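Student: Attaching a single structure in C-alpha cells format; questions to follow.
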Amino acid sequence: MSRKRSSIDLGSMQTEEGMSGSGRDEAIYRNLYAAIVENHLEPGTKLPEDTLAEAFGVSRTSIRKVLQRLAYERLVDIRLNRGATVAQPTVKEARDIFAARRIVECGVLAQVVAKATPARLDELRDIVRREHEAEARGDRRESIYLSGEFHVALARVSENETLTEYLAGLVSRSSLVIATYGAPMAGSCRHSEHDDVLELIAEGDAEGARNWMERHLKDIERTVVLVEEEPSVLDLRKVLDEVARRHRGER
C-alpha cells in the first residue's frame with residue numbers, strides 16, 4: 001500500500017515533458033489511487049475521461065488505461081454508456097472484504113512472529129507513532145490511511161509477497177467501505193491496540209497475536225454501519241384493499 005502512496009499534484013505532472021508515456025500513466029494511476037483510497041474522491045464520484053485528461057494533460061486513451069487498471073483492483077466501476085465512477089461496495093461486498101481480511105491477517109501472524117526482528121518492530125512502531133500524530137492534529141484521512149498501512153506493513157514482515165499484495169488490495173477496498181457506510185468517526189483503529197499486538201509479537205506469542213487480530217478486525221467492522229437494505233415486497237391486493245376501505249370511509 002505504501003508503495004502506491006503519492007500526494008496529488010497535477011501541476012507538477014503537466015510540466016514533466018521528459019516523462020515517458022508509461023511513466024505518465026503510472027504517475028496518473030498513483031495520484032488517482034491515492035485520491036480514492038484516502039477518500040478525497042467519495043464513492044460514486046463520476047470520473048469523466050475528458051475532465052481527467054484535461055486535468056492531467058494527457059490523452060483520453062491514457063486515462064482509459066488507468067481507469068481500467070483501477071477497475072481491475074475494484075476501486076473503480078466502469079459501466080457501458082455510463083462511464084467510470086469511484087466504486088461503491090455493496091453490503092455483501094463490504095462483509096466479504098472484512099471476512100477475507102480476518103482469514104488473511106489472522107492466518108499470517110504465525111509467520112510474522114517467526115520473522116519479526118527488533119528492527120522490523122521498530123519500523124512498525126514508527127507507523128503507530130505517525131498514527132498518534134495524525135490523530136492528535138485531527139487529520140482523520142491520514143489517521144485511517146496509516147491504520148491501513150500498519151496492517152499491510154505487519155503482513156509484509158512475513159516475507160510472503162503474494163499474500164501481502166492481496167491484503168493491500170483488501171485494505172484499499174476497506175477504505176471505500178468506510179467511506180460508503182461508516183459513521184463520521186468510523187473506521188480508524190485505536191492506535192494503542194496496535195501497540196498491544198506489537199508487544200505480543202515481540203514476546204513470540206503467535207496465538208495471542210492471532211486472537212488479538214480476530215477481535216481487532218471485528219471491532220473495526222462494528223464501527224462501520226452495514227445495514228442490509230432489503231427491497232420491500234409489494235402486496236398489491238393489500239394495498240388496493242386499504243385504498244378501497246379508505247374510500248368507503250372504513251377504518
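Student: Treat each spin label as a single point 7 Å out from the Cα along the C-beta direction, and report the Arg125 to Gln111 distance in nm.
Tutor: With each label point 7 Å from Cα toward Cβ, the separation is 2.6 nm.
Student: With a sphere of radius 11 Å drawn around the Cβ of Glu159, what net charge do the other residues whose Cβ falls strictly inside it have (Lys, Arg +1; Asp, Glu -1)?
Tutor: Value of the local net charge: +2.
Student: Within region 104-209, which trypsin sites (Lys or Arg not before Pro) sit in a loop by DSSP and count at most 14 neighbouring Cβ atoms inside 10 Å?
Tutor: Arg137
Student: For the pair Glu73/Ala202, report the inter-label distance in nm, with labels modelled 7 Å from Cα in the Cβ direction.
Tutor: Modelled inter-label distance: 3.3 nm.
Student: A further question follows. May I ask you to evaluate 6.51 cos²θ - 1.76 cosθ + 1.60, the Karplus curve with θ = phi - 60°, for each residue of region 125-139 and list the ³J(HN,Hα) values in order in whole Hz, giving x for glycine and proline?
Tutor: Each residue of region 125-139 in turn: 5, 5, 4, 4, 4, 5, 4, 4, 5, 5, 5, 5, 8, x, 8 Hz.
Student: Then there is this: Taking the Cβ of Asp50 as the centre, find all other residues whose Cβ is under 14 Å away and add up their charges (Lys, Arg: +1; Asp, Glu: -1).
Tutor: In short, +1.
Student: Let me ask something additional. Return a whole-number percent for the relative contact order of region 53-205, with Cα pairs under 8 Å and 6 or more residues apart as the contact set.
Tutor: On the way: 128 pairs, mean separation 42.8, N = 153.
Worked out over region 53-205, it gives 28 percent.
Student: Could you work out the Rg to Rh ratio of region 69-224, with Rh taken as the Kirkwood radius (inverse of the mean 1/r over all Cα pairs)?
Tutor: Details: Rg = 15.9 Å, Rh = 16.1 Å.
With Rh from the inverse mean 1/r over Cα pairs, Rg/Rh is 0.98.
Student: Given a Förster distance of 41 angstrom, what is the FRET efficiency for Ala99 paired with His132, based on the Cβ-Cβ distance and rounded to 0.05? Can you show the working numbers first?
Tutor: On the way: r = 29 Å, r/R0 = 0.71.
Efficiency for this residue pair is about 0.90.
Student: Now, a different point. Show me, for region 66-77, the HN-Hα J-couplings you get by feeding each phi into the Karplus relation (A = 6.51, B = -1.76, C = 1.60, θ = phi - 60°), rounded to Hz, glycine and proline as x.
Tutor: Listing the rounded values in order: 5, 5, 5, 5, 5, 5, 4, 7, 6, 9, 10, 9 Hz.
Only the coordinates and a few stated rules stand behind these numbers; no lab work does. Because the structure is predicted, anything quoted here is derived from the model rather than measured. All Cβ positions, glycine included, derive from the backbone under ideal geometry; neighbour counts span all protein chains shown.
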